[in-house]
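Here the structure is laid out as structure tokens; the discussion comes afterwards.
The values are calculated or read from the model by the stated rules, or taken from the named source; none is laboratory data. Quick caveat, the model's predicted, so the values are computed rather than measured. In this analysis, Cβ positions are derived from the backbone assuming ideal geometry, glycine residues included, and neighbour counts consider all displayed protein chains. Note: areas computed on protein heavy atoms with side chains; ligands, DNA, RNA excluded. Shrake-Rupley method; radii C 1.70, N 1.55, O 1.52, S 1.80 Å.
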Amino acid sequence: MSQHPVIQELFDRPIERKLWVAPMAGVTDRPFRTLCKYFGAGHAVSEMMTADKTLRMSKKSLYRANFDGEIAPISAQIAGSDPAELAEAARYQVANGAQIVDINMGCPAKKVCNKLAGSALLKDEDLVARILDTVVAAVDVPVTLKTRLGYLNGHENILRVAKRAEEAGIAALSLHGRTREDMYLNTARYSLIKEVKSLLTIPVIANGDIDTPEKAKYVLDYTGADAVMIGRAAQGRPWIFREMGHYLKTGEHLAAPSITEVRDVLLGHLSELYGFYGEYSGCRISRKHIAWYTKGLRSSNEFRQNMYKVESTADQFKVVEDYFNNLLEHGQIMSDVQVDQVNLLETK
């Protein structure tokens with residue numbers, strides 16, 4: 001099957017660039033996608049945007065649809081359950097600058113599934129088919145699909161859904177190796193991803209539990225997938241793409257980033273978030289990112305409890321900077337628990 005040039009270019013890249021950023025609501029905004037691409041991510045899909053046009057001009061939707069200055073190709077993910085609404089949303093995002101439209105049939109969140117969107121769509125294969133056909137026909141850019149193995153364990157229907165997606169003209173399939181019932185529990189099942197890859201001629205991207213360089217290589221080798229998609233493992237650790245890319249290319253590990261680099265990356269990330277969201281939202285949205293970056297560092301729990309109370313971006317930036325500078329001044333970076341674990345290993 002011939003591929004659209006935009007899709008072909010994504011998969012013609014060297015192996016270390018076949019690392020994608022998974023779309024995560026409230027996380028993969030433009031500043032985060034840009035940062036991950038800086039560290040070597042080959043592609044990033046936007047946060048999920050509702051197809052409900054009455055919500056299109058909401059503050060949250062406008063932030064999610066902001067692609068200004070983003071590194072191409074721009075991929076906009078849409079979510080909903082009505083084929084006509086999704087087609088209109090796809091056309092809107094293309095007019096807004098999207099070069100790829102991604103359909104969400106994977107989100108397991110209750111508030112999404114209660115509207116029969118996200119992974120709840122997998123319960124109705126006829127509706128899935130209508131959505132795929134309608135959206136693909138609505139735009140002249142490639143349409144991709146993000147989905148799961150099925151809705152319920154024991155009723156996995158991904159082989160039928162994947163084949164129907166290819167028949168509809170879907171350009172690439174990203175597959176999370178869990179059902180909706182699993183949510184994020186249990187372990188991702190790569191064997192079904194491998195089956196899907198052997199069934200299709202379009203590119204398949206494997207997703208789920210890929211959190212180390214070794215795991216990225218294993219999943220690529222075992223499933224035969226054309227790329228892997230990293231989500232939660234990149235939270236507070238955007239350099240994971242650099243580490244994975246280096247390992248895929250050389251078979252060797254990079255040294256962990258220094259505390260100075262972690263500080264500088266975080267402060268740079270905060271500056272981008274402040275500029276993107278403004279004073280009020282910028283301060284509040286930054287809190288979760290600060291928590292992720294500082295997890296496991298010395299006295300980080302006490303630091304976070306104090307940081308959460310800060311109400312301005314200037315004060316937040318300063319307490320973060322002071323925390324890291326204090327770590328550097330006193331030398332010990334790991335938490336007491338981590339130090340105890342290391343000492344225990346050294347005495348064995």
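Starting from the range 47-65, keep only residues that are touching a residue at least 12 places away in the same chain (Cβ under 8 Å), then list their pairs with residues that are assigned to a helix (DSSP H, G or I) and buried (at least 17 other Cβ atoms within 10 Å of the Cβ) whose Cβ atoms are within a distance under 6 Å, requiring at least 6 positions of separation or different chains.
Hits for this filter: E47/R64; M49/R64; A51/E85; A51/L86; A51/A89.
Scan the range 212-267 for residues that are surrounded by fewer than 21 Cβ atoms within 10 Å (Cβ to Cβ), under 12 Å from the mean Cα position of the chain (by Cα) and part of a loop (DSSP other than H, G, I, E, B) and report the count.
2
Among the residues in the range 295-308, are any under 16 Å from L35 (Cα atoms) and open to solvent by less than 40 Å² (accessible area, probe 1.4 Å)?
Filtering the range 295-308 down to residues under 16 Å from L35 (Cα atoms) leaves none.
No, that holds for no residue.
Checking the structure you have, find out if any residue of the range 29-37 is of a type in the set (F, W, Y) and either within 21 Å of V228 (Cα to Cα) or in contact with a helix residue (DSSP H, G or I) (Cβ under 7 Å, 6 or more places away or on another chain) (or both).
Of the range 29-37, the ones of a type in the set (F, W, Y) are 32.
So of that shortlist, the ones also either within 21 Å of V228 (Cα to Cα) or in contact with a helix residue (DSSP H, G or I) (Cβ under 7 Å, 6 or more places away or on another chain) (or both) come out as 32.
Yes: the range 29-37 contains one or more residues that are of a type in the set (F, W, Y) and either within 21 Å of V228 (Cα to Cα) or in contact with a helix residue (DSSP H, G or I) (Cβ under 7 Å, 6 or more places away or on another chain) (or both).
Just name the residue that is modelled with the lowest pLDDT out of those in the range 98-123 that are aliphatic (A, V, I, L, M) and in contact with a strand residue (DSSP E or B) (Cβ under 6 Å, 6 or more places away or on another chain). Give the steps one after another, and end with the answer.
Within the range 98-123, the subset aliphatic (A, V, I, L, M) is 98, 100-101, 103, 105, 109, 112, 116-117, 120-122.
Now restrict to residues that are in contact with a strand residue (DSSP E or B) (Cβ under 6 Å, 6 or more places away or on another chain): 98, 100-101, 103, 105, 117, 121.
Details: A98: 95, I100: 96, V101: 97, I103: 97, M105: 92, A117: 70, L121: 93.
For the range 98-123, the residue satisfying everything is A117.
Quick one: T54 ticks every box in (1) under 26 Å from G282 (Cβ atoms); (2) open to solvent by 50 Å² or more (accessible area, probe 1.4 Å) except a single one, so which number is it?
Tallying (1) under 26 Å from G282 (Cβ atoms); (2) open to solvent by 50 Å² or more (accessible area, probe 1.4 Å), T54 fails exactly one: (1).
Any idea which of Y184, Y218 is free of Cβ contacts under 8 Å to residues at least 40 places away in the same chain, more than 16 Å from C36 (Cβ to Cβ) and hydroxyl-bearing (S, T, Y)?
Testing whether each residue is free of Cβ contacts under 8 Å to residues at least 40 places away in the same chain, more than 16 Å from C36 (Cβ to Cβ) and hydroxyl-bearing (S, T, Y) leaves just Y218.
Of the numbered conditions (1) within 18 Å of V228 (Cβ to Cβ); (2) modelled with pLDDT under 95, E156 fails exactly one; give the number of that condition.
Condition (1) is where E156 drops out.
Testing A84 on (1) modelled with pLDDT under 95; (2) open to solvent by 60 Å² or more (accessible area, probe 1.4 Å); (3) of a type in the set (A, V, I, L, M); (4) under 24 Å from V135 (Cα atoms), one condition comes back false. Which one is that?
The one condition A84 does not meet is (1).
Here is a check on your reading of the model: is T179 at pLDDT 95 or above, over 28 Å from E88 (Cβ atoms) and assigned to a loop (DSSP other than H, G, I, E, B)? Spell out how you get there, then give the answer.
Values: at pLDDT 95 or above: no; over 28 Å from E88 (Cβ atoms): yes; assigned to a loop (DSSP other than H, G, I, E, B): yes.
No: the conditions fail for T179.
Only one residue in N66, N104 is within 23 Å of R164 (Cα to Cα), not in a helix (DSSP H, G or I) and not small (G, A, S), so which one is that? Before the answer, list the steps.
Values: N66 fails: within 23 Å of R164 (Cα to Cα).
None of the other options fit; the residue is N104.
Answer yes or no: is there a residue in the range 324-344 that is of a type in the set (S, T, Y) and modelled with pLDDT of 95 or more.
So in the range 324-344, the residues of a type in the set (S, T, Y) come out as 335.
Okay, now just the ones that are also modelled with pLDDT of 95 or more, so none.
Checked against the condition, which is being of a type in the set (S, T, Y) and modelled with pLDDT of 95 or more, the range 324-344 yields no hits at all.
Residue by residue, here is whether (1) open to solvent by less than 10 Å² (accessible area, probe 1.4 Å); (2) closer than 18 Å to F11 by Cβ; (3) within 23 Å of the chain's Cα centre (by Cα); (4) of a type in the set (D, E, K, R) holds:
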| site | (1), (2), (3), (4) |
| --- | --- |
| D133 | no, no, no, yes |
| A138 | no, no, no, no |
| S174 | yes, yes, yes, no |
| S198 | no, yes, no, no |
| T201 | no, yes, no, no |
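Out of the residues in the range 8-31 meeting the condition of being among the aliphatic types (A, V, I, L, M) and open to solvent by 50 Å² or more (accessible area, probe 1.4 Å), tell me which one is modelled with the lowest pLDDT. Show your work before the answer.
Filtering the range 8-31 down to residues among the aliphatic types (A, V, I, L, M) leaves 10, 15, 19, 21-22, 24-25, 27.
Cutting the leftovers down to open to solvent by 50 Å² or more (accessible area, probe 1.4 Å) gives us 15, 25.
Values: I15: 86, A25: 89.
Among residues in the range 8-31 that are among the aliphatic types (A, V, I, L, M) and open to solvent by 50 Å² or more (accessible area, probe 1.4 Å), the one modelled with the lowest pLDDT is I15.
Could you go through the range 31-50 and let me know if any residue there is touching a His at 6+ places or on another chain (Cβ under 7 Å), part of a helix (DSSP H, G or I) and closer than 23 Å to R237 by Cα.
Narrowing the range 31-50 to residues touching a His at 6+ places or on another chain (Cβ under 7 Å): 31, 35.
Filter again for part of a helix (DSSP H, G or I), leaving 31, 35.
With the extra rule that they be closer than 23 Å to R237 by Cα, the set shrinks to 31, 35.
The answer is yes, given that some residue of the range 31-50 is touching a His at 6+ places or on another chain (Cβ under 7 Å), part of a helix (DSSP H, G or I) and closer than 23 Å to R237 by Cα.
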